[in-house]
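The next block holds one structure in the form of structure tokens; read it before the comments.
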Amino acid sequence: MIRFGFFSFLCFPILVFGQSLITPFEKSGGEKTATYAECISFYKKLDQVSAKISIKETGMSDAGYPYHLLLCSNDGKFDPVQWHRQNKIVILIISDIHPGEPDGVDASMLLLRDIHEGKIKLPDNVALAIIPIYNIGGALNRNSFSRVNQAGPDSYGFRGNAQNLDLNRDFTKNDSRDAHSFVQIFHWINPDIQVDNHVSDGADYQHTMTLISTQWNKLGGATGKFLHDIFDPELFISMEKKGWPMCPYVNFEEGDPGKGWEAFYDPPRYSSGYAALFHTISFIPETHMLKLFRDRVRSTYALMQTIIEAAAIHSKKIIDKRKQDIMDDQQKNKFALSWKSDTAKFDTILFKGYAASFKPSEVTGQQRLFYDHSKPFEKEIKFYDYFTDDKIVEVPKAYIIQQGWHEVVDLLKMNAVQMQQLKTDSTINVLAYHIDSYNTAAQAYEKHHRNTDVKVSASIQQIKFLKGDYIIYTHQPARRFIVEMLEPAGGDSYFSWNFF
């Protein structure tokens, strides 16, 4: 009897943990997404039972709740610096930057749980870092109506954060505590690959999953070419085999894909554009909002699994090419501040769509675009994913920032930019910019009146700088980030966001 009682006592907690590792998504038959509290509680329980997974509090959100980061490695080591020393390929996964698009939240919970239980294998040369809910304030602001034609879940968060900021426009201006926390996480993790899970709206088509990849010309170097020629095609082939035929993010107007479409252009305000400045391959999966929530979650799970599998196969190549590109950039004398589509070049992709036509709207009586599901089609179309550089600038030896511009200095420091302060008052001959003209937006956008169409002239001037002013030498790993942020004509520069 004593032995039986002792055995029962030991088994009971294990049974409770087993039950608690069933997600709200599974319990609801694919109808519900986890709340912030449910998600974090799930991961804390998973951390208690898994030797491969650790949860860590890091940073604060505008909503006043802490950020959590999940770290996953087969060897039970949870230090990203050590991961890189071990030559593991490091993948950072972000979910819920737009909490009305929660597919990645539930897919990531399933993914880590299944890694713990051995249902899928995490390769030994891969390490994962997961931000389970990026926009905490938006996730807490729960509703069922802000995406009225989305096919589930039954309730979800709101797009804006606690300041009503769109956090997928905040990666360089960093107006939110959320973005401050992310930047610290990003540079600590130093990911080789980043995945930022989303849900798209717009046109209707057969694909459940579409994908934005870092614009490969902009990523540049050997890494960019490898992404376009090898890595991307393998992802599409693997997703097809898993039963989730995928196409690039659908980006055409008026319901007509016949003319093809351009690849999504990702300036640094977006997660993928920001990551590219640090030579990180980045993906934005975009499931389609008109597909059932349970299918969107499963396809997101399948894509994350696919990226992990491909990363494991090509880990050495990706790590070596990224290191080489970082070194090569420190020798480059010129960088592009923007990119434009090269319409003379294109790839061909298979698109599975629906015939589009127009019919009277039941609400307005006017003609509205209509996709006829009784008329599916498959068509080879042109995908314009070649871009040419634009607004070329020469890289200076250094930038000097007077210490009054403390917001800019703080943002640069946050992004691992190395700098030093002048030790004495100094008069220095510099190439100084004069802002000849620019247009300022009449209305604020994401807390700023944007400056566009910036025209500058430059002249050699003798300027007196004070002790404590900052000198930022560009020969450092953050070289490209420094140039794009401090050149006034840059599309997402600090001048464009009106910090100066």
Members of region 235-265 found to be under 18 Å from the mean Cα position of the chain (by Cα), part of a loop (DSSP other than H, G, I, E, B) and at pLDDT 90 or above, listed by number
Y249, V250, A263, F264
Going by the structure shown, is I401 in contact with a strand residue (DSSP E or B) (Cβ under 9 Å, 6 or more places away or on another chain), surrounded by 17 or more Cβ atoms within 10 Å (Cβ to Cβ) and in contact (Cβ under 8 Å) with a residue 24 or more places away in the chain?
yes
I need the helices (runs of 4 or more DSSP H) fully contained in region 73-179, keeping only those with at least 1 residues that are at pLDDT 95 or above and polar (S, T, N, Q).
80-85, 103-117
Among the residues of region 345-364, are any in contact with a Lys or Arg (Cβ under 8 Å, 6 or more places away or on another chain), of a type in the set (S, T, Y), closer than 28 Å to K225 by Cβ and open to solvent by less than 50 Å² (accessible area, probe 1.4 Å)?
no
Output the residue which, of all residues in region 406-420 that are under 12 Å from I472 (Cβ atoms) and open to solvent by 90 Å² or more (accessible area, probe 1.4 Å), is farthest from the chain's Cα centre (by Cα).
Q420
On the basis of being of a type in the set (S, T, N, Q), under 28 Å from K77 (Cβ atoms) and in contact with a Ser or Thr (Cβ under 6 Å, 6 or more places away or on another chain), does Q194 make the cut?
yes
State the number of residues belonging to region 357-381 that are part of a strand (DSSP E or B) and either at pLDDT below 90 or farther than 12 Å from D204 by Cβ (or both).
14
Quick one: what pairs do we get from region 476-500, first residue touching a residue at least 60 places away in the same chain (Cβ under 8 Å) and assigned to a loop (DSSP other than H, G, I, E, B), second basic (K, R) and open to solvent by 20 Å² or more (accessible area, probe 1.4 Å), C-beta under 7 Å, 6+ apart or different chains?
A489/K391; D492/R269; W497/R450
Could you run through region 223-258 and say how many residues are more than 17 Å from K352 (Cβ to Cβ) and open to solvent by 40 Å² or more (accessible area, probe 1.4 Å)?
7
Would you mind finding the one in I318, I308, I326 that is assigned to a helix (DSSP H, G or I) and in contact with a His (Cβ under 9 Å, 6 or more places away or on another chain)?
I326
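The values are calculated or read from the model by the stated rules, or taken from the named source; none is laboratory data. Quantities reported herein were computed from a predicted structural model and do not represent experimental measurements. As a convention, Cβ positions derive from the backbone with ideal geometry for all residues, glycine included, and neighbour counts pool all protein chains shown. The area values use the complete protein model at the heavy-atom level, side chains included, leaving out ligands, DNA and RNA. Shrake-Rupley method; radii C 1.70, N 1.55, O 1.52, S 1.80 Å.
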